[in-house]
1. I'm trying to understand the selection: among the residues of region A:124-157, which are closer than 22 Å to A:PHE237 by Cα and crowded, with 16+ Cβ neighbours inside 10 Å?
2. When residues of region B:35-76 are filtered for being among the small types (Gly, Ala, Ser), touching a residue at least 12 places away in the same chain (Cβ under 8 Å) and facing chain A (nearest Cβ under 7 Å), how many remain?
3. Of all residues in region B:103-123, how many are within 11 Å of chain A (Cβ to nearest Cβ), among the β-branched types (Val, Ile, Thr) and surrounded by fewer than 19 Cβ atoms within 10 Å (Cβ to Cβ)?
4. Is at least one residue of region A:166-178 β-branched (Val, Ile, Thr), in contact with a Lys or Arg (Cβ under 7 Å, 6 or more places away or on another chain) and over 22 Å from A:MET93 (Cα atoms)?
5. Does A:HIS100 satisfy being over 27 Å from A:VAL24 (Cα atoms) and either buried (at least 22 other Cβ atoms within 10 Å of the Cβ) or more than 7 Å from chain B (Cβ to nearest Cβ) (or both)?
6. May I ask you to list pairs of residues, at least six apart or on different chains, whose Cβ atoms are under 6 Å apart, with the first in region B:1-20 being within 14 Å of chain A (Cβ to nearest Cβ) and the second being at pLDDT 50 or above and in a loop (DSSP other than H, G, I, E, B)?
7. In region A:84-91, is there at least one residue being aliphatic (A, V, I, L, M), at the interface with another protein chain (Cβ under 7 Å from one of its Cβ atoms) and surrounded by fewer than 22 Cβ atoms within 10 Å (Cβ to Cβ)?
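The values are calculated or read from the model by the stated rules, or taken from the named source; none is laboratory data. These figures come from a predicted structure and were not determined experimentally. Cβ placement follows ideal geometry from the backbone for every residue including glycine, while neighbour counts extend to all protein chains displayed.
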Number of protein chains: 2
Amino acid sequence: MQSAFPAVQSASPYFDEARSADVVNARMSDDADPRLKQVMSVLVRHLHAAIKEIEPTHEEWFAAIRFLTETGQMCTDWRQEYILLSDILGVSMLVDAINHRRPSGATPNTILGPFYVADAPEYSNGTNICLDEKGEPMVVEGRVTDIEGNPIPNAKLEVWQTNDDGFYDVQQKGVQPDSNMRGVFTSDADGRYWFRSVKPRHYPIPSDGPVGKLLGAMGRHPNRAAHLHFIVTAPGFDPVITHIFTPDCPYLPEDAVFGVKRELIAEFNKIDDADAAKRVGFSSPFWSVSWDFTLATSGNLHRQNT
Amino acid sequence: MQSAFPAVQSASPYFDEARSADVVNARMSDDADPRLKQVMSVLVRHLHAAIKEIEPTHEEWFAAIRFLTETGQMCTDWRQEYILLSDILGVSMLVDAINHRRPSGATPNTILGPFYVADAPEYSNGTNICLDEKGEPMVVEGRVTDIEGNPIPNAKLEVWQTNDDGFYDVQQKGVQPDSNMRGVFTSDADGRYWFRSVKPRHYPIPSDGPVGKLLGAMGRHPNRAAHLHFIVTAPGFDPVITHIFTPDCPYLPEDAVFGVKRELIAEFNKIDDADAAKRVGFSSPFWSVSWDFTLATSGNLHRQNT
């Protein structure tokens, strides 16, 4: 009688170029954690397949070892070069997408980034989060609703962005006012929110380390398209970590971390009307952005393997 | 008229789960180094495919970021944790195999490992490289020939191994005599060489870092099967970096770095004969190993892509 897997039983435990990934994966113990085994066997299989396609010389292999080492050694308490590597290779966005497969119509997720700060100041609607008085004034207003369009009152909207020089407050402690360009707003009974700020600017991710060198070698620039960050939460709904992007940023189609989704590009309307400006506490002109967030009820996400 | 690649021209530059690797790879500049572009596009394609198979949670992804960071931070001038990672995943052996596809009959290569030291002492044939007088005496003798069996005189044989405690001299500076268990021999007019030493012992790779933890989690041990290292060189021939393994080591089928090849397992014969022992300057019993090296002429290697 023939076994369905005759080769497996008698396969040599010794290294062999053709069977290399199988030889390595066969070494894992039956007692090891099943998820770790699954993860490692997929990684080993793809790693060996990649190396067989690339056929690195010893020098190229060692250049890779050096790159991985330097990337680890660039990391500090306030700099995570491996997250940056994950970001520029589209891996962070992919992991985000896999974990946030929302029903159609819900606001899509995008990556959190390294500049989120918990416990930002809570403000009443209309407050201006720009504390350093630089930049072009902007009003953002809209609604938080469920997928059927019903308002979600008391939703919490955490917003953060760079100042007009292209830096987050935490990158310029002592230079910018504390909590500049960040705040927490709450939607009203109609699901409405609004706040004031300045039009965001594009800015570069840190490019003075190994990841920046790799970006340069690939002929890519380190700039992120101009955006505001949001986390929108409400009880019973899936939290949304998302951005809205300005439509006129030259880096929109080439955001260094692939954070842009077409559905997240907003309209920014320039309002040159003294009365309208006065109503929102600005002098004209100012930018007006209307943006609604649509939340999916909790538990509607689905990853395929778990 | 239809283009052969209608989709490529109009493909969105924005991230999209299904097309994720293509979106990332399309970002590389036409001016970037073609080899770097090839390497990165293969890596990105396999990395994204692996992540789509694994579907990591955010927590798993961050555990991977942390592992990669700690592996880099474990590296020092005398400890290369990323090479260790490459070793235990079979990558070092695979790169070695790709770069040393020798004609049939030639002695196969295996990995160099971290304990090679250049400029070891040159000895005349028969010298005992064991300077600390521990272990079971061993004689190794054989010939260096070309693939047709013609002797190669004046071949240089560099040999190194652990002492009977399972450590290389460079791991125990000040404890072992300098250059203990290493030396350089030269083949005679008949291609013959011989030297004396002690039977090698298995030993663990360094397992106190992130790579050791990963090995443990996979249910694997850190031991290398007992072996002697050789580099054999002769003008006009492809240098061979290789091992010979003892046939009785329990770790032979599960060498932690996949260095064992069946063709590199030697016979170790125990000789319990006072006259034979006297002839080689030992008291009996001693181990006798006969091992020939077959060198391929230079330029016979082939990598497929270059």
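1. Those that are closer than 22 Å to A:PHE237 by Cα and crowded, with 16+ Cβ neighbours inside 10 Å: A:GLU141, A:GLY142, A:ARG143, A:VAL144, A:THR145, A:ASP146, A:ILE147, A:ILE152, A:ALA155, A:LYS156, A:LEU157.
2. Here is the first cut: in region B:35-76, the ones among the small types (Gly, Ala, Ser) are B:41, B:49-50, B:63-64, B:72.
So of that shortlist, the ones also touching a residue at least 12 places away in the same chain (Cβ under 8 Å) come out as B:41, B:49.
Then drop every residue that is not facing chain A (nearest Cβ under 7 Å), which leaves B:49.
Selection size over region B:35-76: 1.
3. 0
4. No, there is no match, as no residue in region A:166-178 is β-branched (Val, Ile, Thr), in contact with a Lys or Arg (Cβ under 7 Å, 6 or more places away or on another chain) and over 22 Å from A:MET93 (Cα atoms).
5. On the way: over 27 Å from A:VAL24 (Cα atoms): yes; either buried (at least 22 other Cβ atoms within 10 Å of the Cβ) or more than 7 Å from chain B (Cβ to nearest Cβ) (or both): yes.
Spelling it out, A:HIS100 is indeed over 27 Å from A:VAL24 (Cα atoms) and either buried (at least 22 other Cβ atoms within 10 Å of the Cβ) or more than 7 Å from chain B (Cβ to nearest Cβ) (or both).
6. So the pair list comes out as B:TYR14/A:VAL260; B:TYR14/A:LYS261; B:PHE15/A:PHE258; B:SER20/A:GLY90.
7. Within region A:84-91, the first condition is being aliphatic (A, V, I, L, M), and the residues that meet it are A:84-85, A:88-89, A:91.
Cutting the leftovers down to at the interface with another protein chain (Cβ under 7 Å from one of its Cβ atoms) gives us A:89, A:91.
If we keep only those that are surrounded by fewer than 22 Cβ atoms within 10 Å (Cβ to Cβ) as well, we get none.
No, region A:84-91 contains no residue that is aliphatic (A, V, I, L, M), at the interface with another protein chain (Cβ under 7 Å from one of its Cβ atoms) and surrounded by fewer than 22 Cβ atoms within 10 Å (Cβ to Cβ).
Listed here are the residues, each with its yes/no results for (1) of a type in the set (Gly, Ala, Ser); (2) over 30 Å from B:GLU53 (Cβ atoms); (3) surrounded by fewer than 20 Cβ atoms within 10 Å (Cβ to Cβ).
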{"residue": "A:SER207", "(1), (2), (3)": "yes, yes, yes"}
{"residue": "A:ASP238", "(1), (2), (3)": "no, no, no"}
{"residue": "A:HIS243", "(1), (2), (3)": "no, no, no"}
{"residue": "A:ALA274", "(1), (2), (3)": "yes, yes, yes"}
{"residue": "A:VAL280", "(1), (2), (3)": "no, yes, yes"}
